[in-house]
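Okay, so here's the structure we're looking at.
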Amino acid sequence: MSSESQQHEVKVSAETRGIEFVPHTERHGRPSQIRWMWSGAVFNVQMVAFGALIPLLMGLSFIQCVLVIIIGNLSWFAAGAASLPGPAAGTTAFVAQRAPFGLRGAKIPTSFNWVTQILFEISSFVMAVLALIALAGQLGLEATPMVKVSAIVVAAVIQFILPALGHQTLVTTLNVLVIPFALCFVVMAVLAAPRVHIFGAEGGSIAALTQGLAFVFAIAGFSWMANGADYTRYLPATTSRWSITWNVAVGGGVPMALLMILGAAVSTISTDSSDPISGLPSLFPAWFVVPYLVFATIQLFAITSIDLYSSGVTLQALGVKVSRLTAIAVDLVITSTVAAVAIFSDSVYTFISNSLLFVMVWLAAWGGIFIVDYALRRGRYDTPSLFARVGGIYWGRDGFNIPGLVSLACGFAVSLCWANTTIFVGPISQATGGSDLSTLSGFLVGGGVYFLLARNGIRRAPMTTTTPEDAAVPATGSTPM
């Protein structure tokens, strides 16, 4: 592994900027820093557990698991492409997406994204709290209600720090954590290797393969498309587009694929491998349990920080007039409160898990539209129009861009019809023997329909890049309700 990830110190300084435009004089860094940031985020025990779930849920052989994991993680190229509007527009993803959806119409996917980020945060936060409780158990403390509440409070305080400090501190901290995180999983692989049995399983059907692929898509690159531009907006506008795309794809896709393959292999030892807190540690020697739980806790805080930062700026993009720090605080209060209820009630956590099954129904279509819009505009944005209250080239029809919203609805519908979940099976899935191409079809249909409906209008629109450095741009980037 290159020492490039360790070549800068962690810079602890609070970011004061929210969604407003990043002036070119304040752009800094290289795409390689974004690569290591994503690596630091996805070097996570969740990914091992997710990899273990594929053969356990879909009945796939180890070779089939490897196939769907590798193909599924190619979706990180989509996350890389969705990161390109960041330096081009100089703002966050859900401000830049006002271009394809209109200043008012953009509030629809922005609302979806805010809820989605909160759901992801709750899921990771609950696991971080459970890891803290498990650590307390290693110290001889019984998991009483007081211990659980204390763990939730401690986790909330810790979780606030990194997203609050902001972009630079978050990126460089995750850069620094890559090597120790990677070493933790190397140790796990060495300890597990003598016990795995990767050959002998019969394997699953074609429909099962598509279900496994849909599962990987839902946790790999497609699920991170909404976050990418939030972290690339500080890169210089002249940064190579291919370099950004490649670095995001490699930084996220390679470690995630390796960890999921490790999980698929470990699943041959025990079905408990799908539980990263109370199950997976039991497969390793006793001396490794405490270090494992410490690393697991830090890793879960890291991945939640990515979501929490993005949910904060998404709340601002909705037009809520709060600072970025206040937005993060609001989201963390919601996250920790619901997480507390979930920890004391299995039914709440089941509801959250079921809700996450449908995230890709809208997100896949949104990502296809966002990427195609960027390509049609050749990466050129009129940034003042993105922040306008009324008017501008992205106003559309009374604030709604009809091609974008129609495309989102089409992608949403096709994706839902091809979904195969534990609580809903779409008609196309039923007609094709239980296959699940919901994410891929939503992405392609959303982007394809948008290309057909919007290409002529965008080609007639001004193609020159305009920045607000010589114009007044609202600090909060709010738009009409």
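The table for this structure:
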{"read-out": "Residue that is nearest to Tyr309 (Cα to Cα), among those in segment 118-132 that are among the aliphatic types (A, V, I, L, M) and open to solvent by 10 Å² or more (accessible area, probe 1.4 Å)", "value": "Ile118"}
{"read-out": "Filter result (out of contact with any Leu (no Cβ under 9 Å at 6 or more places or on another chain) and at pLDDT below 95) within segment 359-374", "value": "Met360"}
{"read-out": "Residue that is farthest from Ser278 (Cα to Cα) [pool: residues in segment 154-173 that are touching a residue at least 60 places away in the same chain (Cβ under 8 Å), open to solvent by 30 Å² or more (accessible area, probe 1.4 Å) and of a type in the set (A, V, I, L, M, F, W, C)]", "value": "Leu165"}
{"read-out": "Some residue of segment 31-48 being within 30 Å of Gly319 (Cβ to Cβ), of a type in the set (Ser, Thr, Tyr) and modelled with pLDDT of 90 or more", "value": "no"}
{"read-out": "Residue in segment 438-457 that is open to solvent by 20 Å² or more (accessible area, probe 1.4 Å), modelled with pLDDT of 70 or more and not in a helix (DSSP H, G or I) present", "value": "no"}
{"read-out": "Helices (runs of 4 or more DSSP H) wholly inside segment 26-97 containing at least 2 residues that are hydroxyl-bearing (Ser, Thr, Tyr) and open to solvent by 10 Å² or more (accessible area, probe 1.4 Å)", "value": "none"}
{"read-out": "Ser345 vs. criteria open to solvent by less than 40 Å² (accessible area, probe 1.4 Å), among the hydroxyl-bearing types (Ser, Thr, Tyr) and at pLDDT below 90", "value": "yes"}
{"read-out": "Considering residues of segment 375-412 that are of a type in the set (Gly, Ala, Ser) and farther than 28 Å from Ser441 by Cβ only, the residue most open to solvent (accessible area, probe 1.4 Å)", "value": "Gly392"}
{"read-out": "Output for segment 4-25, where each listed residue is polar (S, T, N, Q), modelled with pLDDT of 75 or more and not in a loop (DSSP other than H, G, I, E, B)", "value": "Thr25"}
{"read-out": "Hits in segment 98-117 (condition: part of a helix (DSSP H, G or I), of a type outside the set (Ser, Thr, Tyr) and open to solvent by less than 10 Å² (accessible area, probe 1.4 Å))", "value": "Arg98, Ala99, Pro100, Phe101, Pro109, Asn113, Gln117"}
{"read-out": "Conditions (1) open to solvent by less than 40 Å² (accessible area, probe 1.4 Å); (2) not in a helix (DSSP H, G or I): number failed by Val372", "value": "(2)"}
{"read-out": "Check on Tyr309, open to solvent by 10 Å² or more (accessible area, probe 1.4 Å), among the aromatic types (Phe, Trp, Tyr), touching a residue at least 24 places away in the same chain (Cβ under 8 Å) and not in a loop (DSSP other than H, G, I, E, B)", "value": "no"}
{"read-out": "Ala193 surrounded by fewer than 24 Cβ atoms within 10 Å (Cβ to Cβ) and not in a helix (DSSP H, G or I)", "value": "no"}
{"read-out": "Set Thr271, Thr245, Thr238: member being modelled with pLDDT under 95, of a type in the set (Val, Ile, Thr) and either farther than 20 Å from Gly51 by Cβ or crowded, with 23+ Cβ neighbours inside 10 Å (or both)", "value": "Thr238"}
{"read-out": "Answer from Gly203, Gly221, Gly228, Gly212 - the residue that is at positive phi and out of contact with any strand residue (DSSP E or B) (no Cβ under 8 Å at 6 or more places or on another chain)", "value": "Gly203"}
{"read-out": "Qualifying residue in segment 137-146 (condition: open to solvent by 40 Å² or more (accessible area, probe 1.4 Å), part of a helix (DSSP H, G or I), at pLDDT below 95 and farther than 25 Å from Val48 by Cα)", "value": "yes"}
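The values are calculated or read from the model by the stated rules, or taken from the named source; none is laboratory data. Note that this is a predicted model, so its numbers are computed, not measured. Backbone-built Cβ (ideal geometry, glycine too); neighbour counts: all protein chains shown. In case anyone asks, the SASA skips ligands and DNA or RNA and just uses the protein heavy atoms, side chains included. Shrake-Rupley method; radii C 1.70, N 1.55, O 1.52, S 1.80 Å.
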